[in-house]
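Undergrad: My structure is below; once you've seen it, I'll send some questions.
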Amino acid sequence: MKHYEVEILDAKIREKLCFLDKVEPHATIAEIKNLFTKTHPQWYPARQSLRLDPKGKSLKDEDVLQKLPVGTTATLYFRDLGAQISWVTVFLTEYAGPLFIYLLFYFRVPFIYGHKYDFTSSRHTVVHLACICHSFHYVKRLLETLFVHRFSHGTMPLRNIFKNCTYYWGFAAWMAYYINHPLYTPPTYGAQQVKLALAIFVICQLGNFSIHMALRDLRPAGSKTRKIPYPTKNPFTWLFLLVSCPNYTYEVGSWIGFAIMTQCLPVALFSLVGFTQMTIWAKGKHRSYLKEFRDYPPLRMPIIPFLL
Amino acid sequence: LDINERDGGKGKLESRKFQKENRTHLPRLSSRGSLSKELYKILFFFRWLVLAIAMVRFYMEKGTHRGLYKSVQKTLKFFQTFALLEVRIVPTSVLVTGVQVSSRIFMVWLITHSIKPIQNEESVVLFLVAWTVTEITRYSFYTFSLLDHLPYFIKWARYNFFIILYPVGVAGELLTIYAALPYVKKTGMFSIRLPNKYNVSFDYYYFLLITMASYIPLFPQLYFHMLRQRRKVLHGEVIVEKDD
């Protein structure tokens with residue numbers, strides 16, 4: 001069996017960083033990354049981007065050495081992706097924040113509102129309902145992160161956690177401040193409006209959860225395979241007939257429901273910003289589905305049926 | 001964000017990728033497509049020149065800066081609002097140009113226009129002068145580049161004037177906002193109080209304080225970036241940028 005030699009150069013300054021000899025032909029990039037870490041322990045595998053061309057795309061961990069367009073001496077270029085943090089850690093932190101922060105405002109912890117309001121309770125039913133919905137939403141997200149989601153990437157750049165937490169925690173505080181304020185004004189159309197909004201919220205939460213379960217079942221544990229999602233027996237998944245990312249559709253729906261329930265402008269703004277971001281993600285996902293699968297259903301739109 | 005070249009006094013940016021292609025930082029007629037974009041640049045050059053002349057004339061006639069804002073305001077507002085077009089015309093990231101243009105529009109409409117008592121402040125003259133000189137330099141740079149006859153002086157000016165003009169402009173803007181604060185607090189302008197139907201509130205006074213504070217992280221970044229660009233363009237230094 002012929003062995004390969006692998007040299008690893010820095011992509012920017014072309015300095016030779018590492019030379020590996022007697023590498024097996026069926027070694028994967030993941031294994032090469034592990035070998036590289038031995039000589040440069042500060043660059044753990046998650047931080048490494050190895051590529052055939054200094055400006056090219058990163059090679060995947062599953063790529064096999066002998067299947068790459070290289071001779072028996074392979075030259076790989078290395079780029080440091082920076083400090084990495086696991087997706088699970090990021091998700092747990094960014095979701096635990098809003099759960100906790102909202103409750104601080106709900107219980108009217110001192111120094112938020114005037115002292116005479118400390119630890120008082122709102123006299124509006126909708127405020128209590130909103131707290132239940134908001135808390136339920138984030139508990140659901142935390143549980144899904146721990147038990148449902150299967151992540152294709154293990155890590156993301158460290159600075160993302162600051163960016164993401166600022167967004168989630170900031171908006172949570174902003175919304176919670178007004179909803180739990182002593183001068184809060186309940187919805188104009190009263191109980192009718194709240195009931196309708198609650199129905200929308202609950203349906204969308206169930207829908208979102210159904211989609212997450214359906215996506216999880218598409219991918220066996222530990223694998224990174226991608227398949228086209230299809231509707232199942234669960235009626236909530238029938239939205240797959242019309243959109244590529246119904247989980248985002250339901251998510252936007254939930255927040256619209258919450259906005260109608262609380263009649264709070266900051267909630268509406270949060271929904272809008274979230275919708276914008278999710279649309280970008282949905283379009284990206286839709287595009288990669290189209291690229292990867294020739295037989296992708298043509299009727300589907302990225303996030304809003306028939307429209308977007 | 002692309003690594004961008006920044007101009008003094010919160011001006012606009014050029015995409016670095018664009019520069020790499022041309023190596024002389026000149027916007028090529030064909031690669032940007034329409035002729036009308038180039039015409040707009042020439043127009044903008046003249047509009048800033050018009051503004052500068054109006055300001056100088058005023059000062060010479062009246063011998064004071066009082067009332068200067070009042071006399072130039074129509075022109076300024078007209079052209080500054082037209083600057084919205086720049087977002088699409090200048091070879092730059094839309095997001096970043098958008099931020100610059102909105103900050104100028106913010107100063108003109110939300111501060112100087114809306115808060116009459118501060119229109120006679122010296123600080124207004126400060127940023128007006130800084131903006132005017134910067135823009136004349138920048139647009140004459142574009143114009144001469146288009147004519148393929150760029151005097152070294154213009155290039156030198158573009159990459160050196162900002163060293164003074166940028167801090168001067170920022171100082172003018174900050175002092176103006178600061179001067180406006182008491183009036184804003186007293187009148188409660190542009191503010192929404194609780195309770196209201198949409199359960200939201202906005203305090204323009206605190207908004208202005210936050211705006212002023214935001215200059216602290218933003219200004220040094222932009223300033224040092226311009227300095228790096230200057231070293232690269234005028235002295236041909238090779239600088240390895242930190243990658244995102």
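Undergrad: For the range A:272-289, state whether one or more residues are away from every other protein chain (no Cβ under 14 Å), on the phi > 0 side of the Ramachandran plot and at pLDDT below 95.
TA: no
Undergrad: If you don't mind, another one. Looking at this structure, is B:Ile163 surrounded by fewer than 17 Cβ atoms within 10 Å (Cβ to Cβ), away from chain A (no Cβ under 14 Å), in contact (Cβ under 8 Å) with a residue 12 or more places away in the chain and within 20 Å of the chain's Cα centre (by Cα)?
TA: yes
Undergrad: Answer yes or no: is there a residue in the range A:78-96 that is aliphatic (A, V, I, L, M) and more than 23 Å from A:Trp169 (Cβ to Cβ).
TA: yes
Undergrad: Among the residues of the range B:172-206, which ones are aromatic (Phe, Trp, Tyr) and within 14 Å of chain A (Cβ to nearest Cβ)?
TA: Once the filter is applied, which keeps residues that are aromatic (Phe, Trp, Tyr) and within 14 Å of chain A (Cβ to nearest Cβ), the range B:172-206 yields B:Tyr198, B:Phe202, B:Tyr206.
Undergrad: Conditions first: (1) touching a residue at least 40 places away in the same chain (Cβ under 8 Å); (2) under 30 Å from A:Val148 (Cβ atoms); (3) surrounded by 12 or more Cβ atoms within 10 Å (Cβ to Cβ). A:Leu65 passes all but one, so which condition is the exception?
TA: With respect to (1) touching a residue at least 40 places away in the same chain (Cβ under 8 Å); (2) under 30 Å from A:Val148 (Cβ atoms); (3) surrounded by 12 or more Cβ atoms within 10 Å (Cβ to Cβ), A:Leu65 is out only on (2).
Undergrad: Out of the range A:234-256, which residues are touching a strand residue (DSSP E or B) at 6+ places or on another chain (Cβ under 8 Å) and closer than 13 Å to A:Ile203 by Cβ?
TA: The one that is touching a strand residue (DSSP E or B) at 6+ places or on another chain (Cβ under 8 Å) and closer than 13 Å to A:Ile203 by Cβ: A:Thr249.
Undergrad: Does A:Lys233 count as assigned by the TED database to the domain that holds A:Leu196, surrounded by fewer than 16 Cβ atoms within 10 Å (Cβ to Cβ) and within 30 Å of A:Lys195 (Cα to Cα)?
TA: Yes; evaluated as a whole, the condition is true for this residue.
Undergrad: Next up: Return the residues of the range A:106-123 that are part of a helix (DSSP H, G or I) and surrounded by 14 or more Cβ atoms within 10 Å (Cβ to Cβ); say none if nothing qualifies.
TA: A:Tyr106, A:Tyr117
Undergrad: Hey, another quick one. What are the residues in the range A:261-308 that are hydroxyl-bearing (Ser, Thr, Tyr) and not in a helix (DSSP H, G or I), if any?
TA: A:Tyr296
Undergrad: Turning to a different aspect of this structure: Here are B:Lys155, B:Lys70: which of them is among the charged types (D, E, K, R), farther than 26 Å from B:Gln229 by Cα and either at pLDDT below 80 or in a helix (DSSP H, G or I) (or both)?
TA: Criteria check complete, one pass: B:Lys70.
Undergrad: Next question. Going by the conditions given, is B:Thr143 crowded, with 17+ Cβ neighbours inside 10 Å and within 14 Å of the chain's Cα centre (by Cα)?
TA: Judged against the criteria, B:Thr143 is not a match.
The rows are residues; the columns are (1) buried (at least 17 other Cβ atoms within 10 Å of the Cβ); (2) within 30 Å of A:Arg47 (Cα to Cα); (3) more than 14 Å from every other protein chain (Cβ to nearest Cβ).
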site: A:Pro69; (1), (2), (3): no, yes, yes
site: A:Val90; (1), (2), (3): yes, yes, yes
site: A:Ile101; (1), (2), (3): yes, no, yes
site: A:Thr125; (1), (2), (3): no, no, yes
site: A:Val139; (1), (2), (3): no, no, yes
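Undergrad: Being of a type in the set (Phe, Trp, Tyr), touching a residue at least 24 places away in the same chain (Cβ under 8 Å), closer than 16 Å to A:His149 by Cα and in a helix (DSSP H, G or I) narrows it down to one of A:Phe258, A:Phe209, A:Phe240, A:Phe201, so name that one.
TA: A:Phe209 is the lone residue from the list that is of a type in the set (Phe, Trp, Tyr), touching a residue at least 24 places away in the same chain (Cβ under 8 Å), closer than 16 Å to A:His149 by Cα and in a helix (DSSP H, G or I).
Undergrad: Taking only the range A:176-204 into account, find how many residues are surrounded by 15 or more Cβ atoms within 10 Å (Cβ to Cβ), facing chain B (nearest Cβ under 10 Å) and over 29 Å from the mean Cα position of the chain (by Cα).
TA: 5
Undergrad: For the list (1) without any contact (Cβ under 8 Å) to a residue 60 or more places away in the chain; (2) in contact with a strand residue (DSSP E or B) (Cβ under 6 Å, 6 or more places away or on another chain), I need the number of the one condition that A:Gly82 fails.
TA: (1)
The values are calculated or read from the model by the stated rules, or taken from the named source; none is laboratory data. Source: prediction; values computed, not measured. Cβ atoms come from the backbone with ideal geometry, glycine included; neighbour counts cover every protein chain shown.
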